[in-house]
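Colleague: Have a look at this one.
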Amino acid sequence: MCIRDRFWIVMSNAVLGGIVVLVGLNPYTVAAHFVATSALIAVATVMWQRTREGDTAPRPLVGKAVRQLMWFLTAAAVLLILVGTVVTGAGPHAGDSSEVERMPVDWETVSKLHAVLAWIVVTLTFALWFVLKAVDAPKGPLNRTRELFLILLAQGVIGYVQYFTDLPEVLVGLHMFGSAVMWIWVLRVALSLRERPEVAVDLPGPAAEASLTKA
């Protein structure tokens, strides 16, 4: 991704943030802002990972079937985030006052859909860890997948507690923070499935230096 693309992602967040305030935290603009923020988080995560790698072409550390499973996991995580914004938009904390119109969907139904997607993501994460363990994958992907699994479990606990305690604002905010952390780790797992080794630079040895000196 070029610098221009990153610039427009940042600017879209700034513009959406201003619109969100102007319209009194309308749930549709809040949802759009959260999605744009997730895109910004993805760019930041990839950029951070690139600073820790070389400049060679990426080389996969696992087979095609494992990478395809990772794509399913990533897609499920994206759906989980999108449905999560609808849950918030339809819930009692969608705006800055009770006068803000909520999204016209049944909150109970969309919350249950959100929970189903969450369990799908958890299941895919465990399946990915199991497959990585079976194929004797490097420690990096295994560690990142295990960390993601633990993050998902913690996020699930927060989600169920807030559901059964009438959505206290503190837990809603914590759950949204957990969503961002979950998305970062999904990307970290995906990025850990390939490597970019440092470019090897051949330096002249003592014999070569001596011959150059004589010449």
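The values are calculated or read from the model by the stated rules, or taken from the named source; none is laboratory data. Just so it is clear, the model here is predicted, and its values are computed rather than measured. With ideal geometry, Cβ positions are generated from the backbone for all residues, glycine too; neighbour counts draw on all protein chains shown.
Colleague: For G54, state whether it is small (G, A, S) and part of a loop (DSSP other than H, G, I, E, B).
Modeller: Spelling it out, G54 is indeed small (G, A, S) and part of a loop (DSSP other than H, G, I, E, B).
Colleague: Take the residues of the stretch 67-119 that are charged (D, E, K, R) and not in a helix (DSSP H, G or I): which is farthest from Y163 (Cα to Cα)? Don't jump to the end; show me each part of the working.
Modeller: Taking the stretch 67-119 first, the residues charged (D, E, K, R) are 67, 96, 99, 101-102, 106, 108, 112.
Retained after the next criterion (residues that are not in a helix (DSSP H, G or I)): 96, 99, 101-102, 106.
Working: D96: 20, E99: 23, E101: 21, R102: 18, D106: 15 Å.
Per the stated criteria, the residue is E99.
Colleague: Within the set of pairs 6+ apart or on separate chains, which have a first residue in the stretch 172-197 that is at pLDDT below 95, a second that is acidic (D, E), and C-beta atoms under 6 Å apart?
Modeller: Cβ pairs passing all conditions: R196/E53.
Colleague: Give the stretch 1-50 a look and list any residue that's of a type in the set (S, T, N, Q) and at pLDDT 90 or above, or say none.
Modeller: T29, T37, S38, T45, Q49
Colleague: Could you pull out the residue among R6, R59, R67 that is touching a strand residue (DSSP E or B) at 6+ places or on another chain (Cβ under 7 Å), under 20 Å from A190 (Cβ atoms) and either surrounded by 14 or more Cβ atoms within 10 Å (Cβ to Cβ) or without any contact (Cβ under 8 Å) to a residue 60 or more places away in the chain (or both)?
Modeller: R67
Colleague: State all residues of the stretch 155-180 that are loosely packed, with under 13 Cβ neighbours inside 10 Å and part of a helix (DSSP H, G or I); if no residue qualifies, say none.
Modeller: Within the stretch 155-180, V157, Y160, F164, E169, V170, G173, F177 meet the criteria.
Colleague: Quick check on the stretch 189-199: of everything there that is crowded, with 20+ Cβ neighbours inside 10 Å and not small (G, A, S), which residue is nearest to the chain's Cα centre (by Cα)?
Modeller: Checked the stretch 189-199; the qualifying residue nearest to the chain's Cα centre (by Cα) is V189.
Colleague: Considering only residues that are out of contact with any helix residue (DSSP H, G or I) (no Cβ under 6 Å at 6 or more places or on another chain) and among the polar types (S, T, N, Q), look in the stretch 102-151 and name the one that is surrounded by the most Cβ atoms within 10 Å (Cβ to Cβ).
Modeller: So the residue we want is N143.
Colleague: In the stretch 181-200, what residues are outside any helix (DSSP H, G or I) and of a type in the set (A, V, I, L, M)?
Modeller: Start the filter on the stretch 181-200 by keeping residues that are outside any helix (DSSP H, G or I), which leaves 193-200.
Residues satisfying the conditions are L193, V199, A200.
Colleague: Please enumerate the residues belonging to the stretch 130-144 that are over 16 Å from L191 (Cβ atoms) and either outside any helix (DSSP H, G or I) or hydrophobic (A, V, I, L, M, F, W, C) (or both).
Modeller: Once the filter is applied, which keeps residues that are over 16 Å from L191 (Cβ atoms) and either outside any helix (DSSP H, G or I) or hydrophobic (A, V, I, L, M, F, W, C) (or both), the stretch 130-144 yields F130, V131, A134, V135, D136.
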